[in-house]
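Colleague: Could you have a look at this structure, given as structure tokens, before my questions?
The values are calculated or read from the model by the stated rules, or taken from the named source; none is laboratory data. Nothing here was measured: the structure is a model prediction, and the numbers come from that model. Cβ coordinates were reconstructed from backbone atoms using ideal geometry, including for glycine residues, and neighbour counts include every protein chain displayed.
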Amino acid sequence: MVDQKKNDEIDLIDLLLKVVRTFRANFWLIILFFFLGSALGLAYFYTSKKVFENKMIVSSEILTESYTKTMFENANRYRREGNGRLLAAQFHISEKAAMEIVSLTVEPLTKTEAEDLKESKSLLITVQVFDEQILPELQRGLISYLENNEFAKIRVEHKRTYMKHMLASVEKEIKDLEEFKLRIFRGDFFQSAKGNVMFDPTIVNSKILELKDRKIGYENNLQIVSGIQVIDGFTKFENPSKPKLFSSLLAGSLAGLFIVGLAITFNSIRKLLTMAEATK
């Protein structure tokens, strides 16, 4: 048992010595391929087309994350197929701008436990483009695309109609209460009631204030009712999101080491086969 353990230790030491000898014998070859791979990675970084990532935050009471994501999946498919004409027609942008789009994604801006059972109202739209000069045109096109689809247009119109009806109803209630308040101040109400009603006139003022607050809310909602509101548009950045210099250098150097490793392994196998042939 002890002899077996010693033999295993000797085999491991011999294996380690062989690795060290192989590394030393091919040291300059390994260094050469390491720097050659790094140089290729550097060349790739400077010659490849730069990709810029930009984000836009929008809010929508109409369009949900799942629905918007499906719409963008169709757009991404057009882009993968190189169909700039259909993509340009979909977003109402130029075909040249459409071909500068790399990808489009959408996700909820925040996702808390309370929102697990409902769709997020704020969406984060992320685009990757080759040319940041198209961002203003692309932003206008995306908003137009999201607002003018049939689903959103119908829902927006329904919401606008609802707000108008509620606003008219509240205005009528305020008018009626104002007239009622005037009758109280003139004493007409108490005369008609012949003093048999116990009533606090301040309740009318409180109700009028409450209805006016609701009226302001409906007016504000009516002004901003639409499919999409832009919270923060696309912003241009100086540095591309990819490729990264460090990542390019690392990938190139690892590729160089992988190639030299294959070459050394192939050379070792060839030597073993030659030795096997010589012993026959």
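Colleague: Lys111 is checked against (1) modelled with pLDDT under 75; (2) not small (Gly, Ala, Ser); (3) not assigned by TED's automatic domain parsing to the domain that holds Thr126 and fails just one. What number does that condition carry?
Modeller: (3)
Colleague: Take the residues in the stretch 193-228 that are modelled with pLDDT of 60 or more and among the small types (Gly, Ala, Ser), then tell me which one is farthest from Ser122 (Cα to Cα).
Modeller: Among them, the one singled out is Ser206.
Colleague: Let me ask something else about it. Would you call Tyr162 part of a helix (DSSP H, G or I), out of contact with any helix residue (DSSP H, G or I) (no Cβ under 8 Å at 6 or more places or on another chain), surrounded by 12 or more Cβ atoms within 10 Å (Cβ to Cβ) and modelled with pLDDT of 80 or more?
Modeller: Yes, satisfied.
Colleague: Residues in the stretch 118-129: is at least one modelled with pLDDT under 80, at positive phi, out of contact with any Gly (no Cβ under 6 Å at 6 or more places or on another chain) and not in a helix (DSSP H, G or I)?
Modeller: No, because not a single residue in the stretch 118-129 is modelled with pLDDT under 80, at positive phi, out of contact with any Gly (no Cβ under 6 Å at 6 or more places or on another chain) and not in a helix (DSSP H, G or I).
Colleague: Of all residues in the stretch 47-65, which are at pLDDT 75 or above and assigned to a helix (DSSP H, G or I)?
Modeller: Passing the criteria: only Thr47.
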